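Note sheet for the following structure.
The values are calculated or read from the model by the stated rules, or taken from the named source; none is laboratory data. Keep in mind the model is a prediction, meaning the values are calculated, not measured. For neighbour counting, all protein chains shown are included, and Cβ atoms are generated from backbone atoms with ideal geometry for every residue, glycine included.
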Amino acid sequence: MDLDNSNFTKIDIHAHILPPKWPSFNQNFGYNGWIELKQLDQIDNNGNTAVMMHDDGRVFRPVVESLYSVEHRLKDMDRTGVNRQVLSTVPVMFNYWAKAEDNEVVARFLNDHIAEVVRNNNDRFIGLATVPMQNAQLAVNELIRCRYELGMKGAIIGTHVNDRSFDDPMFEPLWKAAEEHSMPLLIHPWDVCKANGRWNKFWLPHIVGMTAETTACALTMAISGVLEKHRNLKLCFSHGGGSLPYLSARANHGFLVYPNDMQKHVTNPPDFYLRKSPNICADALVHDSNALKLALDYYGEDSLMLGSDYPFLLGEHRPGELIEKCGHFLNNSSMKKLLSENALRFFNSE
């Protein structure tokens, strides 16, 4: 079935941004580890205009101008028909490894920048905060500041904090605050395990590792009782929720056959909390119509949202194109939900 989707509003909930420059945090805080942004003398063969650098001079990632230039970003949005983006920092800037009080300073810097971009273009952008997760109270403080002082609509967090997963009681104040202050959380993989180097090739950390991180995070929060205790916590898992739709039956089976390990905290299997839950969402960044259909069956049409991972190469280069090509199983009403309506509701922006 061919649909007339030319006039559909598109809201991209997975779009990263950095300031065009920032101070040397290595010098400011007196220790190394902080990422720096260095402008290239000329554009390289892949169109990159800058690089994110480790403190030892190694390149972490080349970047295009769209990552830090709002003007260039707006042109890209107009060219690809994206009406609004939900802005969040790049996960390498989570800095959970650093001293918490220093990371609080960096988080405030990044959040103030996003808030300024939103203020100057409030019809085109929605802002998400980053918070210093290695200290729950500081994270709560910044979450509340961003909610009420900066007008942000949620926060982006990683899938773990160093060696702590989200079943750790230290995160309880954050889950409670996110519920109480209506701040949805976009969960994005970071600091991916590279299996002692075996995966550190062929972009496998990004293709396999990141999706595995997200899947493990979602299942941990379900099986540990976090989602049972925090029924109003709104979560969106990036990259289609990793492998969750594909592995959900395996997880439910494991819940039944390993009760001593998996039924310590809850009596319900993972699907009870994750499948077609009004507060559990995922972006639709799955790159394939069959995968999108599987995700739609798992999360439901009210819980999938357009997300492109802009402006990175593994993302969807024309945001929403996959959804728009799936008229054989998405009707007009469903397509509108995935392209914009679910995002407005999830981020309390209706």
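Inside segment 1-74, counting only strands (runs of 3 or more DSSP E) that do not spill past its ends, which hold 2 or more residues that are at pLDDT below 95 and aliphatic (A, V, I, L, M)?
Strands (runs of 3 or more DSSP E) meeting the threshold: 50-53, 59-63.
Does Val92 count as closer than 21 Å to Thr130 by Cβ and either at pLDDT 95 or above or of a type in the set (A, V, I, L, M) (or both)?
yes
Consider His253 carefully, then state whether it is exposed (fewer than 15 other Cβ atoms within 10 Å of the Cβ), assigned by TED's automatic domain parsing to the domain that holds Leu285 and either of a type in the set (Phe, Trp, Tyr) or without any contact (Cβ under 8 Å) to a residue 12 or more places away in the chain (or both).
Against the criterion (exposed (fewer than 15 other Cβ atoms within 10 Å of the Cβ), assigned by TED's automatic domain parsing to the domain that holds Leu285 and either of a type in the set (Phe, Trp, Tyr) or without any contact (Cβ under 8 Å) to a residue 12 or more places away in the chain (or both)), His253 qualifies.
Tyr273: closer than 21 Å to Trp175 by Cα, in a helix (DSSP H, G or I), under 21 Å from the mean Cα position of the chain (by Cα) and modelled with pLDDT of 95 or more, yes or no?
For Tyr273, the condition - closer than 21 Å to Trp175 by Cα, in a helix (DSSP H, G or I), under 21 Å from the mean Cα position of the chain (by Cα) and modelled with pLDDT of 95 or more - is met.
Quick one: in segment 276-316, which of the residues that are of a type in the set (Gly, Ala, Ser) and over 13 Å from the mean Cα position of the chain (by Cα) is farthest from Asn46 (Cα to Cα)?
Ser277
Hey, can you tell me all the residues within segment 308-333 that are of a type outside the set (Phe, Trp, Tyr), at pLDDT 95 or above, touching a helix residue (DSSP H, G or I) at 6+ places or on another chain (Cβ under 8 Å) and crowded, with 16+ Cβ neighbours inside 10 Å?
Correct list: Asp309, Pro311, Glu316, Pro319, Gly320, Leu322, Ile323, Glu324, Cys326, Leu330.
Return only the number of the condition from (1) within 23 Å of His265 (Cβ to Cβ); (2) touching a His at 6+ places or on another chain (Cβ under 8 Å); (3) surrounded by fewer than 21 Cβ atoms within 10 Å (Cβ to Cβ) that Asp168 does not satisfy.
(2)
Return yes when Asp44 is among the acidic types (Asp, Glu) and not assigned by TED's automatic domain parsing to the domain that holds Arg124 and no when it is not.
It is true that Asp44 is among the acidic types (Asp, Glu) and not assigned by TED's automatic domain parsing to the domain that holds Arg124.
Per-residue answers, yes or no, for (1) under 24 Å from Asp191 (Cα atoms); (2) in contact with a Pro (Cβ under 9 Å, 6 or more places away or on another chain); (3) outside the structural domain of Ala216 (by TED's automatic domain parsing):
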{"residue": "Lys75", "(1), (2), (3)": "no, no, no"}
{"residue": "Val82", "(1), (2), (3)": "no, yes, no"}
{"residue": "Ala100", "(1), (2), (3)": "yes, yes, no"}
{"residue": "Ala136", "(1), (2), (3)": "yes, yes, no"}
{"residue": "Pro169", "(1), (2), (3)": "yes, no, no"}
{"residue": "Glu172", "(1), (2), (3)": "yes, no, no"}
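If you check every pair at least six apart or on different chains, which have Cβ atoms under 9 Å apart with a residue in segment 305-323 that is assigned by TED's automatic domain parsing to the domain that holds Leu294 first and a residue that is at pLDDT below 95 and part of a strand (DSSP E or B) second?
Between residues of segment 305-323 that are assigned by TED's automatic domain parsing to the domain that holds Leu294 and residues that are at pLDDT below 95 and part of a strand (DSSP E or B), the close pairs are Pro311/Val63; Phe312/Arg61; Phe312/Val63.
Checking the conditions here, which among Met221, Met262 is within 18 Å of His160 (Cα to Cα) and in contact with a helix residue (DSSP H, G or I) (Cβ under 8 Å, 6 or more places away or on another chain)?
None of the other options fit; the residue is Met221.
Quick one: which of Asp12, Asp44, Asp102, Asp76 is surrounded by fewer than 17 Cβ atoms within 10 Å (Cβ to Cβ) and charged (D, E, K, R)?
Criteria check complete, one pass: Asp44.
Quick grid of which residues meet (1) over 18 Å from the mean Cα position of the chain (by Cα); (2) at pLDDT 95 or above; (3) not in a loop (DSSP other than H, G, I, E, B):
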residue	(1), (2), (3)
Val192	no, no, no
Asn200	yes, no, no
Pro205	no, no, yes
Val208	no, no, yes
Thr214	no, yes, yes
Cys217	no, yes, yes
Thr220	no, yes, yes
Asn232	yes, yes, no
